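For reference, the structure discussed in these notes is given below.
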Amino acid sequence: MFKNKGLAVLSLFILFTVVFTGCKSRFEKLRASTDVAKKYQEAIRLYNKKDYSKALVLFDDLVQRYRGRSESEDLYYYYAYTNYKLKDYLSARYHFKTFADTYPSSPKAEECRFLAAYCFYLDSPNYSLDQDNTYKAIESLQLFINLYPKSERVAEASKLIADLREKLERKSFENAKLFLDIGDYQAAVIAFRNSAKDFPDTKYAEEMEYLTIQAQYLYAKNSLETKQEDRYNEAIEEYGRFVERYPKSTFSKEAEDLKTASLKGIEKTKETLAAYGYKTKQEDEQ
């Protein structure tokens, strides 16, 4: 009884192996074939079956063989999409762009131009990493909008650009905060100001302006006594601009504390300099 069961399992295993090997052999045989029409038909069948890896193998060969022929447009469209389905966005965006450039009058050109830009969007990394692809995605999406201003995809392209800009805003904000965290206060002040200039409508604007006061105060506090008065005054000026823009800010109390600390810092600086025989800025002006 057990012997018969063992033979049955072995037979099934052999049958499965033969069938599997036979299928593989048929694909490899077709791959090596010069029958491009049959290969094209099989590539489309595999694509529709979502067997994109095998379809790509055949498309790789076919795009060379069909170059210059009437079928090449549809073939290249499938080829670009196969890379996209396999999440090879680097290759996909290249092929979508090439399609749009090669067949500008094709009804699929608009779609491919959009997808080329969308692949850049999909390859845009976390905000903490290098944002080269983010800038390229914005540029490509804006180009799409410029080329197809009446396209129904313009709204989506605009939303994608907004998402990418928000990522750049956060990177800019976090980079400025990093300078503050590591104690490079002068660099932090400059970085916060530049970020506010580059992204005037950023959602971080209020917090950035408060942190600019903080960074300027700490910059003054850690400066040479001879430079502290001017730098404390800059912190007070930053405070004035802040309360004018955000009179009901959640950072109002902290900002006012920094102003008070800056005023006290100026008085202390004057006392220290006087003790060493230095003239204050006010005495120099007299």
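The values are calculated or read from the model by the stated rules, or taken from the named source; none is laboratory data. Small disclaimer: the values here were computed from a predicted structure and weren't measured. Backbone-built Cβ (ideal geometry, glycine too); neighbour counts: all protein chains shown.
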Among the residues of region 169-190, write down those that are buried (at least 17 other Cβ atoms within 10 Å of the Cβ), of a type in the set (A, V, I, L, M, F, W, C) and farther than 15 Å from residue 202 by Cα.
179, 180, 187, 188, 189
Name the residues in region 140-162 that are within 30 Å of residue 177 (Cβ to Cβ), of a type outside the set (S, T, N, Q) and in contact (Cβ under 8 Å) with a residue 12 or more places away in the chain, would you?
141, 160, 161
What is the residue count in region 37-57 for residues that are more than 26 Å from residue 113 (Cβ to Cβ) and of a type outside the set (S, T, N, Q)?
10
Somewhere in region 113-127, is a residue aliphatic (A, V, I, L, M) and under 10 Å from the mean Cα position of the chain (by Cα)?
yes
Name, by its number, the condition in (1) surrounded by fewer than 18 Cβ atoms within 10 Å (Cβ to Cβ); (2) on the phi < 0 side of the Ramachandran plot that does not hold for residue 199.
(1)
Anything in region 61-110 that is of a type in the set (A, V, I, L, M) and either in contact with a helix residue (DSSP H, G or I) (Cβ under 7 Å, 6 or more places away or on another chain) or at pLDDT below 95 (or both)? List them, or say none.
62, 63, 75, 80, 86, 92, 100, 109
Residue 136 meets each of (1) under 30 Å from residue 236 (Cβ atoms); (2) in contact with a helix residue (DSSP H, G or I) (Cβ under 9 Å, 6 or more places away or on another chain) with one exception, condition (1)
Please state which of the following conditions residue 277 fails to meet, knowing it meets all the rest: (1) free of Cβ contacts under 8 Å to residues at least 24 places away in the same chain; (2) in a loop (DSSP other than H, G, I, E, B); (3) closer than 24 Å to residue 172 by Cα.
(3)
When region 112-139 is examined, which residues are found to be crowded, with 16+ Cβ neighbours inside 10 Å and in contact (Cβ under 8 Å) with a residue 40 or more places away in the chain?
114, 117, 118, 121, 124, 127, 131
If I ask for residues that are surrounded by fewer than 17 Cβ atoms within 10 Å (Cβ to Cβ) and assigned to a helix (DSSP H, G or I), which ones from region 208-232 would you list?
225, 226, 227, 230
Which residues, taken from region 170-186, are within 19 Å of the chain's Cα centre (by Cα) and either β-branched (Val, Ile, Thr) or within 14 Å of residue 209 (Cα to Cα) (or both)?
172, 173, 174, 176
